[in-house]
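One structure is given here, and the rest of the page talks about it.
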Amino acid sequence: MTRISPDHQPPHDVLAGPAGPLPAPPPDAVTRPVAASGLAALRRAVAAVATAAGLAAERVDDLRIAVTELASNALTHAAPPATARCWVTSGELLCEVTSRGELRDPLAGRVPPPAGSVRGRGLLLVQQLCDLVDIRTTDGVTTVRLHLALPADPRGPASAPGTAQGGRALAL
C-alpha cells in the first residue's frame, strides 16, 4: 500500500532552508590558495594529506578529481580569492574549497543536468566521488566541503598514520 507522507517536503524546499555556516576548519588544516597556475600543486597537497591519512590509492584519486573540480569551479564561476583546505577528524578526511560568490541552486550536483546540456556535471561527479558533499553559502561566500570516510585503524584513532593527538594535524 502506498500513501503520501504528511511530513514530506520537496527536496528544493528542504535544501533551500536555513542551514547556517559550517563549523570552522581547525587552525592546522593544510591550506592552499586556489589559482589556475597552482592546480597541480593543489592536487599534490591533497594527495599527500589523503595518503598520510590512510586513504586507498583509488580514493586518493577520487579526492584529487573532486578537489580539482571544485577549484576549477571557483576559478570559473566565483570571484577571487578562493582557498582550499584539508584536514583529518576522527574517522574522516575533510577538504573544502571556499570562494566569494553564491551557488543559488541548492540542488546543484544532486540532479543531473538536461541531456543536451554541455555544462553542469562537475558537482554531480563530485557528489558521486565523495561520501558527503556539504554546500553552504553565508554572507556571499560559498564553501563546498567534501567528506571521505577513513579506513578503520585496528590500533585505534591515536595511532592512525598522519594524525596527531586528537586526530587533526597533518604534516606535509
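The values are calculated or read from the model by the stated rules, or taken from the named source; none is laboratory data. Note that the structure is a prediction, hence the values are computed from the model and not measured. Neighbour counts are summed over all protein chains in view; Cβ atoms, including those assigned to glycine, are modelled from backbone coordinates with ideal geometry. The protein model used for the area step is the full one, side chains on, heavy atoms only, and it has no ligands, DNA or RNA in it. Shrake-Rupley method; radii C 1.70, N 1.55, O 1.52, S 1.80 Å.
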Item to check | Given (1) open to solvent by 30 Å² or more (accessible area, probe 1.4 Å); (2) under 16 Å from the mean Cα position of the chain (by Cα), number of the condition Ser99 does not satisfy | outcome: (1)
Checklist outcome for this item: Checked the stretch 4-27 for anything under 22 Å from Ser99 (Cβ atoms), open to solvent by 60 Å² or more (accessible area, probe 1.4 Å) and modelled with pLDDT of 80 or more; matches are Pro21, Pro23, Ala24, Pro27
Next on the checklist: Is it the case, given these coordinates, that Arg104 is over 17 Å from Ala19 (Cα atoms), more than 10 Å from the chain's Cα centre (by Cα) and open to solvent by 30 Å² or more (accessible area, probe 1.4 Å)?
Outcome noted: no
Item to check | Flag for Pro157 being farther than 12 Å from Leu70 by Cα, open to solvent by 60 Å² or more (accessible area, probe 1.4 Å) and modelled with pLDDT under 70 | outcome: yes
Checklist entry - For the stretch 38-49, does any single residue satisfy the condition of being among the basic types (Lys, Arg) and surrounded by fewer than 21 Cβ atoms within 10 Å (Cβ to Cβ)? => result yes
Checklist entry - What strands (runs of 3 or more DSSP E), lying completely within the stretch 21-133, carry at least 2 residues that are within 27 Å of Ala152 (Cβ to Cβ), among the charged types (D, E, K, R) and in contact (Cβ under 8 Å) with a residue 24 or more places away in the chain? => result 92-100
Checklist outcome for this item: Over the stretch 87-114, the set of residues more than 19 Å from Leu125 (Cβ to Cβ) and of a type outside the set (Ser, Thr, Tyr) is Trp87, Val88, Gly91, Glu92, Arg100, Gly101, Glu102, Arg104
